[in-house]
Amino acid sequence: MKKTIYIIIGVALVGLATYTLINNKKKNAEDTAIVGEKNTSVAVRVATVSTGKIDADFVANGIFAPAQELNFSAESPGRVMKVLVDEGSSVRIGQTLAIIKGDKLNVDVQSAEMAYQTALTDTKRFENAYQTGGVTKQQVDNAKLNLSNARARLQQTKIALGDANIKSTINGIVNKKFIESGSVVSAGTQLFELVNVSSLKLKVNVTENQIIQLKIGSPVKVKASVYPDKEFKGKVTFIAPKADASLNFPVEIQIANNPNNEIKAGMYGTATFGSSASAQLEIKMIPRNAFVGSVSSNQVFVVNNNVATLKKIVAGRIFGDKVEILDGLNDGDVVVTSGQINLSDNTKVSIVK
């Protein structure tokens with residue numbers, strides 16, 4: 001009898017425990033549903049589209065380079081008899097920089113001169129003989145061909161002899177000298193490095209959004225890092241038609257005023273593009289981080305009645321952390337600037353201050 005009572009009590013306890021678990025599970029499910037309903041919106045930060053003034057000037061850093069830079073090499077082999085300039089010497093176009101021993105070249109010229117005179121005499125003799133029928137027309141033509149070849153050979157040796165005197169082809173300064181008197185050089189040996197620093201150019205790189213604001217001849221304000229209080233005048237002389245590997249465009253700026261060669265090639269410089277007339281632009285803009293992915297995607301989430309809608313727009317120029325809007329948004333529109341990764345089209349959002 002006691003055993004039967006124990007069994008009945010046990011079954012009752014198991015039933016009670018089961019009932020309690022079921023009720024708890026049901027309550028938890030209801031609570032979860034309520035929490036889920038409350039948290040269906042995604043927390044985001046936003047910004048308002050507005051039209052305002054922005055500084056359109058931008059700067060680019062680069063290195064000053066000489067207007068001309070030439071490496072002189074020997075045209076013919078020989079021994080250097082005399083070097084007429086030193087490093088730092090100013091040179092002019094046509095000035096002799098060094099003399100290479102030309103004994104062999106002189107012999108070549110004399111030999112070529114003798115061959116030319118012989119060919120000239122033979123040609124005249126054949127032409128006279130042809131008048132009396134002593135030779136054929138073909139023999140006369142061969143003599144004329146030999147004369148032409150001898151003349152070309154003579155001219156070639158005279159050019160080689162002239163190349164023994166190394167002459168400058170630019171106005172500039174001797175930056176490096178690679179030879180000394182008595183040196184033996186072969187054809188192609190580098191002799192001098194000449195640079196023309198009377199006019200310098202600043203080489204900089206600009207982005208695709210900046211390059212559309214530039215054109216050949218545009219005035220540019222230039223400063224050298226070693227002269228922070230001095231401003232030099234420059235103008236754009238070259239804009240690359242193709243971007244480099246980093247998707248930037250090389251631009252060259254010629255410096256108009258460099259008194260006493262204050263700026264040296266190899267110094268760092270800064271170019272400021274723009275003018276006082278265009279320093280302030282009235283544009284419609286949004287923060288750069290409002291774009292989904294990147295600016296090139298031209299997509300943003302617009303919030304209306306706490307719902308974020310993915311919208312296609314047209315972006316313009318980039319000014320630091322601001323982007324110009326050409327089409328797709330109006331002043332007063334609200335765009336998501338943070339939390340886009342959790343959004344899809346038509347998602348409910350809650351704005352976080």
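The values are calculated or read from the model by the stated rules, or taken from the named source; none is laboratory data. In this text, all values refer to a predicted model and were calculated from it rather than measured experimentally. Note: ideal-geometry Cβ built from the backbone for every residue, glycine included; neighbour counts use all protein chains shown. Each accessible area value is taken on the protein alone, full model and side chains, heavy atoms only, with ligands, DNA and RNA left out. Shrake-Rupley method; radii C 1.70, N 1.55, O 1.52, S 1.80 Å.
See the values below:
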item	result
Greater than 21 Å apart at Cα, pairs in LYS203/LYS230; LYS311/LYS348; LYS176/LYS233	LYS176/LYS233
Stretch gain in nm, segment ASN142-SER50, where the contour uses 0.36 nm per residue and the Cα spacing is subtracted	24.3 nm
Efficiency of FRET from Cβ geometry, GLU282 and ILE341, R₀ 45 Å, rounded to 0.05	0.85
Which listed pairs, of LYS215/LYS322; LYS167/LYS215; LYS167/LYS242, have C-alpha distances above 31 Å, in listed order	LYS167/LYS215; LYS167/LYS242
Accessible surface of ASP229 - all protein chains present, 1.4 Å probe, nearest 10 Å²	150
Estimated FRET transfer efficiency when R0 is 22 angstrom, pair ASN149-ALA129 (beta carbons, to 0.05)	0.60
Theoretical gain in end-to-end length, THR270 to SER90 [0.36 nm per residue, Cα-Cα removed]	62.0 nm
Solvent-accessible surface ranking, highest first, for LYS201, LYS223, LYS242, LYS82 at 1.4 angstrom	LYS242, LYS82, LYS223, LYS201
Relative packing of 179-190, 283-294, 127-138, which averages over residues the other C-beta atoms within 10 Å, highest first	283-294, 179-190, 127-138
Contact order normalised by residue count of the range 208-336, Cα under 8 Å, 6+ apart, percent	19
Per residue accessible area of the range 140-262, 1.4 Å probe, in Å²	56
